[in-house]
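Peer 1: Let me begin by handing over the structure; questions about it come next.
The values are calculated or read from the model by the stated rules, or taken from the named source; none is laboratory data. Given the structure is predicted, the values throughout are model-derived calculations rather than measurements. Note that we place each Cβ from the backbone using ideal geometry, even for glycine, and neighbour counts take in every protein chain shown. Surface areas here come from the heavy atoms of the whole protein model, side chains and all, with no ligands, DNA or RNA. Shrake-Rupley method; radii C 1.70, N 1.55, O 1.52, S 1.80 Å.
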Amino acid sequence: MHIHIQHETTYRYSTPAKHSFQHLRMTPRNFDGQHIVNWRLDMNIEGRLKETEDSFGNILHHMSAEGPISSIKILAEGDIITFNTNGIITGLAEKIPNILYLRDTQLTRIQPELIDFTYNATRNEVNDLNKCHSLLSSIHDCMLFDNNATTVTTTAYESFSNKKGVCQDFAHIFLTCARFLNIPARYVSGYYVRNDIDRQTAGHAWAEAYIPDLGWIGFDPAHGISPNERYVRLATALDYNGAAPIKGTIVGGLGEDMNISIHIFSPQDPKDTHQLLIQ
């Protein structure tokens, strides 16, 4: 599938900021499930943009700018060709041992209620793949998607207790349960092409689990499926904090207001997709 993405993040300050430093994980990587045709990062002010790689293998940009800054607009845009690999992730150089993805975090700490839920969801399954699929469907069935129920600091246990949350929360619950079962699992940030709208106010998030003899496989409990050609994979980490598209600090700059606009669409033209692939 040919997918075009235009992701704009705008910060405005009632009192200008003196300095801004941002970490951007907004550049996707090639793997067997996606081919990056073109991609660019840009900002509306003078500053420095340095590309590096973090410990998880994500493309990381360090952005810094000197003030006075009354607004910052960060643009990520490009064309990607995606392929349905049934959720299986191949063609990536893994940077850290799988065992490290068993480590819990403040956002994914196990609690008794989640232990009971995990046992009930997986008690009839004999292998890790089936256990993950059971977790996928069980989380999808018991949770209500609610944009106003949680924040980026909400833990897996808190969202599970209220049975409400967004894709980030669904992913954190999956990670917590999978790691309790001794299955390495990681958080994934990215995008999803919807059928109903092409303008969105947030990206998407899901999880990946390591299954022996198969490798890393994606599980999206928010939709109850494994990722397909409608998904664009951006970054991975132990939880949201390590894979957030933008994280940073400013000096000064009171009264911050942030607006996110994401335009995601597929031209749905086979000839156009073919031309992009041979470029």
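Peer 1: Condition first: closer than 20 Å to ARG233 by Cβ, aromatic (Phe, Trp, Tyr), in contact (Cβ under 8 Å) with a residue 12 or more places away in the chain and in a helix (DSSP H, G or I). Can you find one or more residues in the stretch 169-179 that meet it?
Peer 2: yes
Peer 1: Out of the stretch 180-189, which residues are open to solvent by 40 Å² or more (accessible area, probe 1.4 Å) and either at positive phi or not in a helix (DSSP H, G or I) (or both)?
Peer 2: Filtering the stretch 180-189 down to residues open to solvent by 40 Å² or more (accessible area, probe 1.4 Å) leaves 180, 182.
Hit for the stretch 180-189 is ASN182, nothing else.
Peer 1: Any idea how many residues of the stretch 1-42 are over 26 Å from PRO227 (Cβ atoms), touching a Leu at 6+ places or on another chain (Cβ under 7 Å) and buried (at least 16 other Cβ atoms within 10 Å of the Cβ)?
Peer 2: Result for the stretch 1-42: 1.
Peer 1: So which residues in the stretch 218-232 are open to solvent by 30 Å² or more (accessible area, probe 1.4 Å) and either among the charged types (D, E, K, R) or under 12 Å from the mean Cα position of the chain (by Cα) (or both), if there are any at all?
Peer 2: Once the filter is applied, which keeps residues that are open to solvent by 30 Å² or more (accessible area, probe 1.4 Å) and either among the charged types (D, E, K, R) or under 12 Å from the mean Cα position of the chain (by Cα) (or both), the stretch 218-232 yields GLU229, ARG230.
Peer 1: Sticking with this structure for a sec: Give all pairs with beta carbons closer than 7 Å in which a residue from the stretch 26-51 that is at pLDDT 95 or above meets a residue that is of a type in the set (S, T, N, Q) and surrounded by fewer than 16 Cβ atoms within 10 Å (Cβ to Cβ); count only pairs at least 6 apart in sequence or on separate chains.
Peer 2: Cβ pairs passing all conditions: PHE31/THR90; ASP32/THR90; ILE36/ASN30; VAL37/GLN279.
Peer 1: Looking only at the stretch 155-168, count how many residues are free of Cβ contacts under 8 Å to residues at least 24 places away in the same chain and either open to solvent by less than 20 Å² (accessible area, probe 1.4 Å) or among the charged types (D, E, K, R) (or both). Please lay out each step first, then the result.
Peer 2: So in the stretch 155-168, the residues free of Cβ contacts under 8 Å to residues at least 24 places away in the same chain come out as 158-159, 162-165.
Now narrow it down to the ones that are either open to solvent by less than 20 Å² (accessible area, probe 1.4 Å) or among the charged types (D, E, K, R) (or both): 158-159, 163-165.
Number satisfying all stated conditions: 5.
Peer 1: Just need a number here: residues in the stretch 223-260 that are modelled with pLDDT of 95 or more and assigned to a strand (DSSP E or B).
Peer 2: The qualifying residues number 8.
Peer 1: Yes or no: GLY87 surrounded by fewer than 15 Cβ atoms within 10 Å (Cβ to Cβ) and in contact with a Gly (Cβ under 8 Å, 6 or more places away or on another chain)?
Peer 2: Details: surrounded by fewer than 15 Cβ atoms within 10 Å (Cβ to Cβ): no; in contact with a Gly (Cβ under 8 Å, 6 or more places away or on another chain): yes.
In short, no.
Peer 1: May I pose another question? For LEU135, which of the numbered conditions (1) buried (at least 20 other Cβ atoms within 10 Å of the Cβ); (2) of a type in the set (A, V, I, L, M); (3) under 23 Å from THR27 (Cα atoms) fails to hold?
Peer 2: Here LEU135 clears every test but (3).
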